[in-house]
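**Q** Please find one structure pasted underneath; my questions will follow.
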């Protein structure tokens, strides 16, 4: 119970720190960009200069200054592409599993109809 409360408090503190850093960065340096890789279960999401992460979300945050952006942007785009490909692969896996389950359900339904 205490560990759960400590975990919740740590999460709230981390989100508050993130929001504070974004606010501070936006107020003091307009030339700073940030990429936030939000982890939503099996589906990661790349947010670019978007500080509106839902409450309770977690991920990795990277700050990129405009001077370094030109050289780092290809890597950021490669990461975004890899995340998208992973999300598509997971989605396709779930779709295949759903089709297999539906075939099984239809088979069982047909068996029940023949027994009645």
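**Q** Going by what's in this entry, would residue 88 be described as surrounded by 10 or more Cβ atoms within 10 Å (Cβ to Cβ) and at pLDDT below 85?
**A** no
**Q** If you scan segment 1-32, which residues turn out to be closer than 22 Å to residue 70 by Cβ, out of contact with any helix residue (DSSP H, G or I) (no Cβ under 9 Å at 6 or more places or on another chain) and surrounded by 14 or more Cβ atoms within 10 Å (Cβ to Cβ)?
**A** The answer is 25, and nothing else.
**Q** Can we say residue 104 is outside any loop (DSSP other than H, G, I, E, B) and under 23 Å from the mean Cα position of the chain (by Cα)? Show your work before the answer.
**A** Working: outside any loop (DSSP other than H, G, I, E, B): yes; under 23 Å from the mean Cα position of the chain (by Cα): no.
No: the conditions fail for residue 104.
**Q** I've got another one for you. Quick one: in segment 35-56, of everything that is outside any loop (DSSP other than H, G, I, E, B) and in contact with a helix residue (DSSP H, G or I) (Cβ under 9 Å, 6 or more places away or on another chain), which residue is farthest from residue 21 (Cα to Cα)? I'd like the intermediate steps shown before the answer.
**A** Narrowing segment 35-56 to residues outside any loop (DSSP other than H, G, I, E, B): 35-40, 43-48.
Pick out the ones that are also in contact with a helix residue (DSSP H, G or I) (Cβ under 9 Å, 6 or more places away or on another chain) and you get 35-37, 43-46, 48.
Numbers: 35: 13, 36: 13, 37: 16, 43: 25, 44: 22, 45: 20, 46: 18, 48: 15 Å.
In this case the residue turns out to be 43.
**Q** Name every residue in segment 1-20 that is farther than 30 Å from residue 93 by Cβ and in contact (Cβ under 8 Å) with a residue 24 or more places away in the chain, in order of residue number.
**A** 14, 15, 18, 19 - these are the residues of segment 1-20 that are farther than 30 Å from residue 93 by Cβ and in contact (Cβ under 8 Å) with a residue 24 or more places away in the chain.
**Q** Also, I was wondering about something else. Under 21 Å from residue 7 (Cα atoms), touching a residue at least 12 places away in the same chain (Cβ under 8 Å), surrounded by 14 or more Cβ atoms within 10 Å (Cβ to Cβ) and within 15 Å of the chain's Cα centre (by Cα): does that describe residue 35?
**A** Values: under 21 Å from residue 7 (Cα atoms): no; touching a residue at least 12 places away in the same chain (Cβ under 8 Å): yes; surrounded by 14 or more Cβ atoms within 10 Å (Cβ to Cβ): yes; within 15 Å of the chain's Cα centre (by Cα): yes.
Spelling it out, it is not the case that residue 35 is under 21 Å from residue 7 (Cα atoms), touching a residue at least 12 places away in the same chain (Cβ under 8 Å), surrounded by 14 or more Cβ atoms within 10 Å (Cβ to Cβ) and within 15 Å of the chain's Cα centre (by Cα).
**Q** Restricting segment 58-72 to residues that are surrounded by 13 or more Cβ atoms within 10 Å (Cβ to Cβ) and without any contact (Cβ under 8 Å) to a residue 24 or more places away in the chain, which is nearest to residue 13 (Cα to Cα)?
**A** 59
The values are calculated or read from the model by the stated rules, or taken from the named source; none is laboratory data. No experiment lies behind these values; they were computed from the predicted model shown. Every residue, glycine as well, gets a Cβ built from its backbone with ideal geometry; the counts of neighbours run over all protein chains shown.
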